[in-house]
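A quick write-up on the structure given underneath.
The values are calculated or read from the model by the stated rules, or taken from the named source; none is laboratory data. Being a predicted model, the structure only gives us computed values, none of them experimental. Using ideal geometry, Cβ is built from the backbone for each residue, glycine included, and neighbour counts are taken over all protein chains shown. These area figures cover heavy atoms from the full protein model, side chains too; ligands, DNA and RNA do not enter into them. Shrake-Rupley method; radii C 1.70, N 1.55, O 1.52, S 1.80 Å.
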Amino acid sequence: MININTPEEIDKMRAVGRLAAEQLEMIEEHIKPGVTTAELDRICHEFTVEHQQAVPAPLNYKGFPKSICTSVNHVVCHGIPSDDKQLKSGDIVNIDVTPKKDGFHGDSSKTFLVGDASVLAKRLVIVTQECLYRAIRCVRPGAHLGDLGHAIQTFAEKERFSVVREYCGHGIGRIFHDEPQVMHYGRPGSGIELQPGMTFTIEPMINAGKAAVKLLRDEWTVVTKDHKLTAQWEHTILVTDAGYEILTLRSDDTIDRCG
Ligand code: MF3
Ligand code: CO
Ligand code: CO
């Protein structure tokens, strides 16, 4: 069964969603050539624990060794922060944060450009953000999850990019990864019907080349099989009576909090 949040639970999801947004706003100024992904992890960890009095849910989640995911260039998702991974001008890096507070999770990610990015990198990043926004605009009571997937897939493929199939969005609340699975491809009218009070993430991973991915030997890092660029953006969304509310909205977002 899919969880419907009470008004009290929704307040806690709003609070932790704001913490996720503030982490991504905070980290922006640290993302520049020369910084290591381990340093970004340390900064986010300290901010979460000391400043927000929250817990970084990824740390030790199913054995994940760090507090955030840092996925550079051809890394699709779940990149492990490392002292050996220095960012350089032209890279793109997805930072994925999931604070937990008062028993609830807020999950959000953004792909940043490092220094001077290529025309292709910029287009991939902006198209992926637009995929997320188009899916969010589908969210309302009575809509089906397949409507969201269809919106993402049609726009990505029109731009001649491809949608990763192996990973999806998810219900979120007291449980980090809950039902339902939120596919980033699909047919309109398919899948479950949305109801007010549901909370889930939408987190499309869009590849510049083919859709195929592979898992590295560390059993976390997911890369594109063709080693071409990939981008991802993620928000945690509440279904409201009117439509949607973005619980992890940031100041740099170019979509309204509610629709
Ligand atoms: N934040 C990721 C997501 O969007 C999950 C990371 S799980 C971890 O669902 F263990 F890799 F951190
Ligand atoms: Co997620
Ligand atoms: Co995430």
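When 149, 115, 79, 142 are checked against the criterion of being without any contact (Cβ under 8 Å) to a residue 60 or more places away in the chain and closer than 24 Å to residue 208 by Cα, 149 stands alone in meeting it. Can you tell me which residues in the range 86-109 are more than 11 Å from ligand 1 (Cβ to nearest atom) and either touching a His at 6+ places or on another chain (Cβ under 6 Å) or open to solvent by 10 Å² or more (accessible area, probe 1.4 Å) (or both)? The answer is 86, 88, 89, 90, 100, 101, 102, 103. When 219, 130, 203, 179 are screened for being within 15 Å of the chain's Cα centre (by Cα), acidic (Asp, Glu) and within 16 Å of ligand 1 (Cβ to nearest atom), only 203 passes. If you go through the range 68-100 and pick out every residue that is within 16 Å of ligand 3 (Cβ to nearest atom), over 16 Å from the mean Cα position of the chain (by Cα) and assigned to a strand (DSSP E or B), you end up with 0.
Based on this model, can you work out whether residue 154 counts as surrounded by 24 or more Cβ atoms within 10 Å (Cβ to Cβ), of a type outside the set (Asp, Glu), farther than 29 Å from residue 53 by Cα and modelled with pLDDT of 95 or more? No.
Residue count for the range 230-259, restricted to those that are open to solvent by less than 40 Å² (accessible area, probe 1.4 Å) and assigned to a loop (DSSP other than H, G, I, E, B): 9. Per the conditions (1) crowded, with 18+ Cβ neighbours inside 10 Å; (2) more than 16 Å from ligand 2 (Cβ to nearest atom); (3) assigned to a loop (DSSP other than H, G, I, E, B), the sole criterion not satisfied by residue 115 is (1). Condition check for residue 183 on (1) touching a residue at least 40 places away in the same chain (Cβ under 8 Å); (2) within 16 Å of ligand 2 (Cβ to nearest atom): one failure, at (1).
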